[in-house]
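Participant: Please find one structure pasted underneath; my questions will follow.
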Amino acid sequence: MIRQGWPYFEGWPFQERWLQIDGLGIHYVDEGYGSRPVVMVHGNPAWSYMWRNLIPAVSSGHRAIAMDLMGFGKSDKPNPLLHDFPHHSRIVSGLIQSLGLRNIVLVVHDWGAPFALQYAVRNPQNVAGLVILNTFLTTDFRIPPAAASKITPAIIKDSAMHPEKISEETMKAYWAPFPDDESKQAYLAFARMFPDSNYHPSFKPLKEVEQGLTRLKIPTTIIWGTGKSGTTYAERISKMIPESKLETLNAGHFVPEDSPQEVEKLVQNFLEGHNL
């Protein structure tokens, strides 16, 4: 567990805050004084640092909250066996409930999206808007196990369409939570979390999300970096969510790093356009 001695991270001036959820210290950022909470949830192998450009923009008129999933960023690192869909999802919903957040907007990416959207489909009355970035929300989505097992923070730059935008200092920040082999078990565990059968622990909760999306009546924008993945899956997700609008960018999977100004503008336009 790392709570002191972290180096200064470029573009990261935010105060550390902590919650105890399921016996784990969960780190989060809470900026701004607006009445509307905008909750940002990262995926693998990132942490809340990914939202550093969006937090100031959102916090000028909203309450911007960015959490670190367990095992990531400054949050506690549990036993690797605890890295499963139900536990991660419970941590996300636990943060929302512990902070007493109401009428929230969710901004979610990669694995953070299915974890947070399980909360949304179960509590649609408490979700006022959704911003979904490159992710996977269906049980038939596949990454070859060999490829998934090779995912490290290096992929954040390696998969970018504009790698020149991602500095060495930025990559140091992404590697900082993983100083040794034990800490690396957090992102390595996600290779095992893609459901490969109906009996996999991720299958039932992901199916709940997949089926629940079609019933959502929540303003939704989907921001998708299509530079390497194309538009097919993004269009499929957009068709599943009744009130969604798809926005595509020439960016890689980690679109907030690849196209930060464009993401900021699209999120701001979404919030203003729906009076959120």
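Participant: Looking for something open to solvent by less than 60 Å² (accessible area, probe 1.4 Å), under 25 Å from Asp76 (Cβ atoms) and either touching an Asp or Glu at 6+ places or on another chain (Cβ under 9 Å) or of a type outside the set (A, V, I, L, M) (or both) - is there at least one such residue anywhere in segment 194-201?
Facilitator: yes
Participant: Go through segment 205-255 and give me each residue that's out of contact with any strand residue (DSSP E or B) (no Cβ under 7 Å at 6 or more places or on another chain), among the aromatic types (Phe, Trp, Tyr) and crowded, with 21+ Cβ neighbours inside 10 Å.
Facilitator: The one that is out of contact with any strand residue (DSSP E or B) (no Cβ under 7 Å at 6 or more places or on another chain), among the aromatic types (Phe, Trp, Tyr) and crowded, with 21+ Cβ neighbours inside 10 Å: Phe254.
Participant: Let me ask something else. Filter segment 160-187 for residues that are polar (S, T, N, Q) and buried (at least 16 other Cβ atoms within 10 Å of the Cβ); which is nearest to Ser229 (Cα to Cα)?
Facilitator: Here the residue is Thr170.
Participant: Which one of the conditions (1) out of contact with any Gly (no Cβ under 6 Å at 6 or more places or on another chain); (2) at pLDDT 95 or above; (3) surrounded by 20 or more Cβ atoms within 10 Å (Cβ to Cβ) does Phe190 fail to meet, given that it meets all the rest?
Facilitator: Here Phe190 clears every test but (2).
Participant: Between residues in segment 162-190 that are free of Cβ contacts under 8 Å to residues at least 40 places away in the same chain and residues that are assigned to a loop (DSSP other than H, G, I, E, B), which pairs lie under 6 Å by C-beta distance while being six or more apart or on different chains?
Facilitator: Close Cβ pairs satisfying both conditions: Trp175/Pro153; Lys184/Phe178.
To keep it simple, each residue is scored yes or no on (1) closer than 22 Å to Tyr119 by Cα; (2) in contact with a Leu (Cβ under 8 Å, 6 or more places away or on another chain).
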site	(1), (2)
Leu19	yes, yes
Ile26	yes, yes
Val38	yes, yes
Pro45	yes, no
Ser48	yes, no
Arg52	no, no
Gly61	no, yes
Met67	yes, yes
Asn79	no, no
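Participant: Continuing with this model, one more query. Taking Trp111 as meeting all but one of (1) crowded, with 16+ Cβ neighbours inside 10 Å; (2) over 18 Å from Thr138 (Cβ atoms), write down the number of the exception.
Facilitator: Condition not satisfied by Trp111: (2).
The values are calculated or read from the model by the stated rules, or taken from the named source; none is laboratory data. No experiment lies behind these values; they were computed from the predicted model shown. Heads up, the Cβs are rebuilt from the backbone with ideal geometry, glycines too, and the neighbour counts pull from every protein chain shown. The protein model used for the area step is the full one, side chains on, heavy atoms only, and it has no ligands, DNA or RNA in it. Shrake-Rupley method; radii C 1.70, N 1.55, O 1.52, S 1.80 Å.
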